[in-house]
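The values are calculated or read from the model by the stated rules, or taken from the named source; none is laboratory data. Owing to the predicted nature of the structure, the values given are computational and were not obtained by experimental measurement. Using ideal geometry, Cβ is built from the backbone for each residue, glycine included, and neighbour counts are taken over all protein chains shown. Note: accessible area is taken over every heavy atom of the protein model, side chains too, but ligands, DNA and RNA are not part of it. Shrake-Rupley method; radii C 1.70, N 1.55, O 1.52, S 1.80 Å.
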Amino acid sequence: MAAIIVVGTQWGDEGKGKIVDIYAGEADIIARFQGGNNAGHTLVVKGEQTILHLIPSGILHGGKTCILGNGMVINPKVLIQELDELDERRLLPADTKLFISNNAHIIMPYHMRVDLAREALRGGAKIGTTGRGIGPAYEDKISRAGIRLCDLLDDQVFRTKLGKNVEEKNFYLTEFCKEEPVDGEAIYREYTAYADRLRQYAADTSVIIDEGVKAGKHILFEGAQGCHLDIDHGTFPFVTSSNTVAGSACCGSGIGPTRIDGVIGICKAYTTRVGSGPFVTELADEIGETIQNVGHEFGATTGRKRRCGWLDMVLVRHSVRVSGITGIALTKLDVLTGINPLKICVGYTTDHEAFTDLVPSNPMTFEQCRPVYEELEGWADDIRGIRNFNDLPGAVKRYVARLEELAGVPVILTSTGPDRDETITAYSPFTNS
Ligand code: GDP
Ligand code: IMO
Ligand code: MG
């Protein structure tokens, strides 16, 4: 048995969906533990693409247990749509078991309204959220006003909690945001229908995971977003509203840290970011455009263009430290084919420091950091579909080796295309062999 956590090491969209889908082949239980439908995880199997926002990326394999953990914020409408779509496409195996934690918080229509209204009020200083109500839903969790799945499933509790929340949110929406109020009765009717549909999946998911641990199963935890979008360890305030680092898998699913065997950090061969905030290695030139086009760097959730730049190892090293990463899965190497020379950022200079390899806490200071680059030779040969690491061109191997050296941990998987098959695996994180 092994319990492995997969997390993003950058600003999200590193290819977590693809890698979780691969590792899920070996796992028995796959669990999401934070975030909501701000996530967009893309899986490609034999050319067919599936984008998941809430359901764990293990769903395409039959016979797995998929869990939406207590640390998530769940929009029931989106979840039901996702289930129906998978079912219509005959991608929901009959022997898959899906469970949702009773303690997971529910995203309500007023969360989305507040999210959008706040972004509008921020104007030029906006965070660039996905507008899915993630921040306001987590606020209600922390203020203890939020509605959990178990509350939604109890009609009386739901009615009372909803009434109180609607009253408060409508005051905020109309008086502060100068927006229209929400209709509490309409929400009640809409959400009681969702409750009827989701009741069958509600469970104490911590117990299910614990039973898996005791039975010697392989358990895979699927992070959403990335380390630098973490509410504590990211580029605050340009972050999401949950903890995205590996430690969050324990709180967000109800497993103890002593049960965890490894943490795999997903790292894109370059850097991207959706939304606002500092980005030291951002490329506002032709190379940035090439990466954006070749890598199809458009948000899987909002369709927004992703900002692109060179690989920033200051960010990746920070992630290795705060998540205790034991191995890296390196994705999208194929996108760099034909770009020569390549650059890797190994540190920053600022007006006050000749060199630093730490991410400053102050966003203004971070904004002013300038990258210190190392140049590496590029490669011209198409590497898509190569299955053996030794068959890769020498320049690719040197790029990977330098990344390993700077990260201080080994690259255990190399991805050279979006498809499940376009992957070179050094060893399995579950068995280390
Ligand atoms: P996630 O949020 O971390 O799961 O990543 P996304 O799915 O949002 O974005 C990653 C995108 O890159 C998706 O379109 C994937 O299909 C694609 N992708 C993943 N790995 C590779 C790769 O090695 N090469 C290429 N070209 N595309 C990849
Ligand atoms: P996956 O799991 C990339 C970004 C948003 C915004 C900030 C806050 O697919 O990697 P939020 O709606 O969470 O309050 O937005 O976080 N963001 C992501 N960027 N990938 C994601 O998820 C993201 N989830 C949120 O663009 O900058
Ligand atoms: Mg994504």
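Some values worked out for this structure:
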{"item": "Residue-wise HN-Hα coupling along segment 26-35, computed from phi with Karplus coefficients 6.51, -1.76, 1.60 (Hz; x: Gly, Pro)", "result": "8, 8, 9, 10, 10, 10, 8, 10, 7, x"}
{"item": "DSSP beta bridge pairing in segment 266-425, given as percent antiparallel to the nearest 5", "result": "65"}
{"item": "Karplus-derived 3J(HN,Hα), 6.51/-1.76/1.60, for each residue of segment 330-344, Hz, glycine and proline x", "result": "9, 10, 6, 4, 4, 5, 7, 4, x, 9, 8, x, 9, 10, 10"}
{"item": "For E282, distant residues with modelled amide H under 5 Å away", "result": "none"}
{"item": "Over segment 1-156, relative contact order from alpha-carbon pairs under 8 Å, at least 6 apart, %", "result": "19"}
{"item": "Relative packing of 193-199, 276-282, 336-342, which averages over residues the other C-beta atoms within 10 Å, highest first", "result": "276-282, 336-342, 193-199"}
{"item": "Accessible area of M1 in the full protein assembly, 1.4 Å probe (Å², nearest 10)", "result": "90"}
{"item": "Cα long-axis angle, helix 184-198 against the chain (0 to 90 degrees, to the nearest 10)", "result": "70"}
{"item": "Mean shadow area of segment 105-197, taken as a quarter of the surface of its Cα convex hull (nm²)", "result": "5.9"}
{"item": "Formal net charge of residues neighbouring K18 (Cβ-Cβ distance under 12 Å; K, R +1; D, E -1)", "result": "-3"}
{"item": "Backbone HN-Hα couplings from phi across segment 37-49 [Karplus 6.51/-1.76/1.60, Hz, Gly and Pro as x]", "result": "8, 6, 6, x, 10, 9, 10, 10, 10, 6, x, 8, 9"}
{"item": "Sequence-distant residues sharing a close amide H with G128 (under 5 Å, placed H)", "result": "S276"}
{"item": "Solvent-accessible surface ranking, highest first, for C251, C369 at 1.4 angstrom", "result": "C251, C369"}
{"item": "Range of Cα positions in the chain per principal axis (Å), largest first", "result": "65, 51, 39"}
{"item": "Long-range amide H partners of G299 with built H, under 5 Å", "result": "R304, K305, R306"}
{"item": "Residue-averaged 222 nm ellipticity for the chain, from DSSP H runs of 4+ at -39500 (n - 2.57), nearest 500", "result": "-9500 deg cm²/dmol"}
{"item": "Separation of alpha-carbon centers, segment 210-245 and segment 2-32, rounded to whole Å", "result": "10"}
{"item": "Segment 174-207-segment 294-362 distance, computed between alpha-carbon centres (Å)", "result": "38"}
{"item": "Binned Cα-Cα distances of segment 376-431, short to long, each 10 Å bin given as a whole percent", "result": "23, 53, 23, 1"}
{"item": "Between segment 398-433 and segment 71-86, the Cα center-to-center distance that results, in Å", "result": "31"}
{"item": "Out-of-range pairs (alpha-carbon distance over 25 Å; input K214/K268; K16/K46; K126/K169; K97/K164)", "result": "K214/K268; K97/K164"}
{"item": "Under 12 Å, Cβ to Cβ, from P429 - net charge with Lys/Arg +1 and Asp/Glu -1", "result": "-2"}
{"item": "Sequence-separation-based contact order of the chain, relative, with Cα cut under 8 Å and 6+ spacing, percent", "result": "21"}
{"item": "Rg ratio (alpha-carbon, reference 2.2 N^0.38 Å) - segment 302-398", "result": "1.28"}
{"item": "DSSP-defined beta bridges in the chain - what % are antiparallel, rounded to 5", "result": "35"}
{"item": "Normalised convex hull volume, segment 1-116, alpha-carbon set, Å³ per residue", "result": "119"}
